[in-house]
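*Asks:* Dropping the structure in here first, questions after.
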Amino acid sequence: MALAALFISASISVSGALAAPAPAAQPQPALRERYYGDIFGLSPPPPLLERRAVLPAGWNYDGCVTESNGVRLLQGFGFSSPSNSPSFCIAECARRGFSIAGTEYGGECYCANALTGDGGRKAPDDVCSMACQGEPGTKCGAAWYLSLYKLNPSTGGSGGGQVPSNCPTTSSPSSTTKATTTTTATTATTKSTTASNPTATGVVVPVPPNVPAATEQPLVWAHHMVGNTYSYANSDWQADINAAASQAIDGFALNIGIEGWQTDQAAVAYRVAEARGSFKMFLSLDMTSLPCGSAADANRLVNLVRQLASSPAQAMYRGKVLVSTFAGSDCTFGTGTNAGWQTMFVDPLVRAGVKIFFIPSVFMNPADFSKLTWMDGELNWNSAWPVGNKEIDTATDVAYRAGLGGKTYMTAVSPFFFTHFGVNSWNKNWIYRSDNWLYCTRWEQIIAQRGVSTMTEILTWNDYGESSYIGPIRGSLPATSERWVNGFDHSALAPITKYYATAYKTGSYPRVDKDQIILWARPHAARAQAPDPVGRPTGYDWTDDNLYAVVFATAPSVATLTSGGNSMSFSVPAGLSKIKMPLAPGTIGGTIERGGQRVVTFSAGAQYSFTTTPTAYNYNYWVGSS
C-alpha cells in the first residue's frame with residue numbers, strides 16, 4: 001500500500017514509510033546481557049516499518065506474564081517501535097489475524113494465536129512497570145515480562161464469520177468415477193482421468209438480480225501507487241487511463257509518498273487525464289510516508305493540493321475538491337491532536353480558496369468518526385478483504401456507517417492480497433483470504449449497499465508488492481516483489497471489473513454479449529513447504545487449494561474446468577456465474593459448450609502449473625482468460 005519503488009537509482013531516497021523508526025532506548029548492559037544474552041538465545045525483534053493502527057473491539061487485558069526462556073512466548077509476529085502502546089500493538093496483531101498480543105520492555109510488541117515455551121506464568125500487575133514508548137502514561141511489560149492481551153472469541157472479532165447468503169458453498173461426497181452436485185437448478189459433474197477423484201466442491205453461484213436505488217450518481221475509483229511509476233512516460237499514464245476507463249472506472253486515487261518525483265509524476269497524470277476529459281484524478285496522501293508532525297509538514301500538503309486543485313482533471317464531489325489519505329489518524333502537525341487536520345490543513349485550504357471534500361482512510365475506532373470535524377467521510381480500507389480466517393462479510397460496513405453518523409461512506413473492493421517481504425526488507429509477510437471469488441463477492445456486497453454508499457475504491461490498480469493489482473504489470477516494481485509478480489498478470493480480471501462497476505453505477509447488471517471464461521489459481525498447495533528464507537506467510541493456512549472461475553454466458557451452457565488430470569462440468573445460466581473445483585498438479589483450463597458445440601476453449605498451458613513442492617512461497621494468483 002505504501003511501497004515506493006526502492007533502489008531505482010542511488011540518488012533516489014527511500015520513502016519515509018519504509019524507513020525504520022528511531023531506535024528504542026537500550027537497556028543497561030547487565031540487564032541487556034540477561035535479556036538478550038546468549039544464555040537464553042533471544043534477540044530483539046526488527047523495527048516496525050509501517051504505521052497503520054485500528055483498535056478492534058473485543059480485546060481484554062489478560063495480566064502480566066513471564067517471558068519464556070530460549071524462545072519467545074508469542075512467536076507469530078514481532079516488532080519494535082517508538083510508537084508502541086497497548087492499542088498500537090493490539091491493532092498490528094489484530095490486522096494480521098492474531099488473537100493474542102503482548103507488549104514488552106516498553107517498545108516491543110509480539111503477536112500469536114497460542115503461547116509457547118515455559119513462560120506465561122502470571123505475575124503481579126505492578127511487575128509490568130515499564131512505560132510504553134508511544135504512550136508514557138501506560139505500561140508495556142518489563143524485561144522478561146509481557147503485558148498480555150487476548151481477543152474474546154465471543155465477540156466474533158476473529159475467525160468464524162458467516163458466508164454471505166448470495167455466495168453459498170456446497171460440498172459433495174467423494175466418488176470413484178463420477179460425482180454430481182445439484183444446487184438451485186444447476187449441475188456440477190466431476191470426471192477424472194487419474195486413479196482417484198477429488199471431492200466435488202464445485203458449485204454454480206449466480207449473481208443476485210436486485211440492485212438498490214442510489215441517492216446520487218455512484219462513482220468508482222482505483223487506487224494507483226505513484227511510488228511504482230518512477231519510470232513512467234506520458235504513454236504509460238495514457239495506457240493506464242485508457243485501460244481503467246474501459247472498465248467503467250471513473251478515475252485514479254493517486255497514492256503520493258514523500259519523494260519529490262512522486263509529486264512530479266502525479267502532475268503528469270493530471271495533465272494526461274486532462275486530454276481525455278472524463279477521467280478524473282484525486283490525491284490520496286500516504287501518511288505512512290509523508291511526515292505530519294509540524295506546521296511545515298501541513299504547509300507542504302496544502303501546497304500539494306493547491307497545485308493540482310484547479311486542473312480540469314481534478315475529481316470533484318458535491319462541488320468540492322476530493323482529497324483522501326492512506327492513514328493519518330496520529331497526525332498532529334504540531335498541534336498535539338489530530339484536530340490539526342482541521343486547523344493546519346483544511347482551514348488554510350479554505351482561506352486559499354480551495355474547498356475540499358475530505359475522505360481519508362484513517363485507522364481508528366469508527367465510533368470516533370462523527371466527532372472529527374475535519375472529516376467529511378471515510379474510506380474503509382480494510383473492508384476489501386476478510387482480515388482473519390473467515391469469509392468476507394459486511395460487519396465493518398455496518399460499524400463504519402454507524403460511526404460516521406451520516407457522513408459519506410466509501411467502500412473498498414480488492415481481488416487478492418499477498419505480500420512476502422522479509423525482515424531485512426519491509427517485514428511484511430502475510431495473506432488475506434481471497435477464496436470463493438472474493439472480488440465478485442465483495443462487489444456484490446457493495447452493490448447491495450448502493451443506497452447508502454455511492455463511492456467505492458478498487459484496491460488496487462498497481463500495488464504489486466501486495467498482489468492486489470488489477471492493472472497490467474508496468475513501471476517500477478518494489479524490490480524483490482518480482483519473485484511473486486512476474487508472470488502473474490491480473491489484467492484478465494477486466495471484464496469482471498467492468499461488469500460489476502457498470503451495475504454499481506447504472507443500477508442494473510449489464511447483458512452479457514460475449515461468451516468468456518476467466519480463471520485464477522495459486523501456483524502451489526497452501527500447506528506446502530519450501531526452502532524459502534522469508535518463511536511461510538502468516539495466514540498461509542487460511543486459503544484452500546481451488547481453481548476459481550467466472551463464466552460469462554450469452555445463453556444457458558455447460559462450462560467445464562480442468563486441473564491436472566481432473567475435470568468438472570457445470571450447467572450455467574445466461575449471465576455471470578461463479579464456479580470452482582479442487583486444484584491438482586499440472587496446468588488448468590476451461591471450456592464453454594452450447595448445443596453440443598464448443599464455443600470457448602482456454603488452456604493455461606506452460607504459463608501455469610500447480611505444484612505441491614514449490615521452491616519458494618508464492619500465494620499470489622495466476623489469472624487467465626479466454
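Just so you know, all these numbers are worked out from the coordinates, no wet-lab data involved. Please read all numbers here as calculations on a predicted model, not as lab measurements. When we count neighbours, we look across all protein chains shown, and the Cβ atoms used for this are built from the backbone with ideal geometry, even at glycine.
*Asks:* For a label point 7 angstrom out from the Cα of Ala479 toward its Cβ, which stretches of the range 521-556 have the backbone nitrogen within less than 19 Å?
*Replies:* Residues 533-535 fall inside that zone.
*Asks:* Further question on the same structure: Rank-order 329-338, 89-98 by packing density, defined as the average count of other C-beta atoms within 10 Å over each peptide's residues, highest first.
*Replies:* So the order, starting with the most tightly packed, is 89-98, 329-338.
*Asks:* With labels modelled as points extended 7 Å from the Cα through the Cβ direction, what inter-label distance (nm, one decimal) is found for Glu135 paired with Glu216?
*Replies:* 3.5 nm
*Asks:* What ratio of Cα Rg to 2.2 N^0.38 Å holds for the range 219-270?
*Replies:* Here the answer is 1.09, to two decimals.
*Asks:* Between Lys407 and Asn69, what is the label-to-label distance in nm when each label sits 7 Å out along the Cα-to-Cβ direction?
*Replies:* In this crude label model, Lys407 to Asn69 measures out at 5.2 nm.
*Asks:* Tell me the label-point distance for the pair Ser231, Asp62, using the 7 Å Cα-to-Cβ offset, in nm and rounded to one decimal.
*Replies:* Between Ser231 and Asp62, the label points sit 4.7 nm apart.
*Asks:* Another question, if that's okay. Could you tell me the distance between the Cα centroids of the range 435-454 and the range 305-348, to the nearest Å?
*Replies:* Using only Cα atoms to place each centre, the spacing works out to 28 Å.
*Asks:* Given 37 °C and 0.692 mPa s, how large is the Stokes-Einstein diffusion coefficient of the range 219-506 in µm²/s, with Rh as the Kirkwood radius over Cα pairs?
*Replies:* 171 µm²/s
*Asks:* A follow-up question, please. If you take the beta carbon distance between Asp489 and Ala395 as r and set R0 to 30 Å, what does 1/(1 + (r/R0)^6) give as a FRET efficiency, to the nearest 0.05?
*Replies:* Values: r = 33 Å, r/R0 = 1.09.
Result of the calculation: an efficiency of 0.35.
*Asks:* For Arg318 and Ala296, compute 0.36 nm times the residue count separating them, minus their Cα-Cα distance, and round to one decimal in nm.
*Replies:* Gain in length upon complete extension: 5.0 nm.
*Asks:* Applying 1/(1 + (r/R0)^6) with R0 = 51 Å to the Cβ-Cβ distance of Ala555 and Asn303, what FRET efficiency is obtained, to the nearest 0.05?
*Replies:* It comes to 0.35.
*Asks:* Now for a separate question. What is the projected area of the convex hull of the Cα atoms of the range 388-519, averaged over all directions, in nm²?
*Replies:* Computed as one quarter of the Cα hull surface, the answer is 9.8 nm².
*Asks:* If you place +1 on the Cβ of every Lys and Arg, -1 on the Cβ of every Asp and Glu, and leave all else neutral, what size is the dipole of the range 219-506 about its Cα centre, to the nearest 20 Debye? Please list the in-between numbers first.
*Replies:* Details: 21 positive and 23 negative charges, 129 e Å.
So the dipole magnitude of the range 219-506 works out to roughly 620 debye.
*Asks:* Now for a separate question. By what distance, in whole Å, do the Cα atoms of the range 561-623 stretch along each of the three principal axes, largest value first?
*Replies:* Sorted from largest, the Cα extents of the range 561-623 read 44, 19, 17 Å.
*Asks:* Within the range 474-499, what residues put their amide N at less than 18 Å from the label point 7 Å along the Cα-to-Cβ vector of Ser278?
*Replies:* Within reach of a label on Ser278: 495, 497-499.
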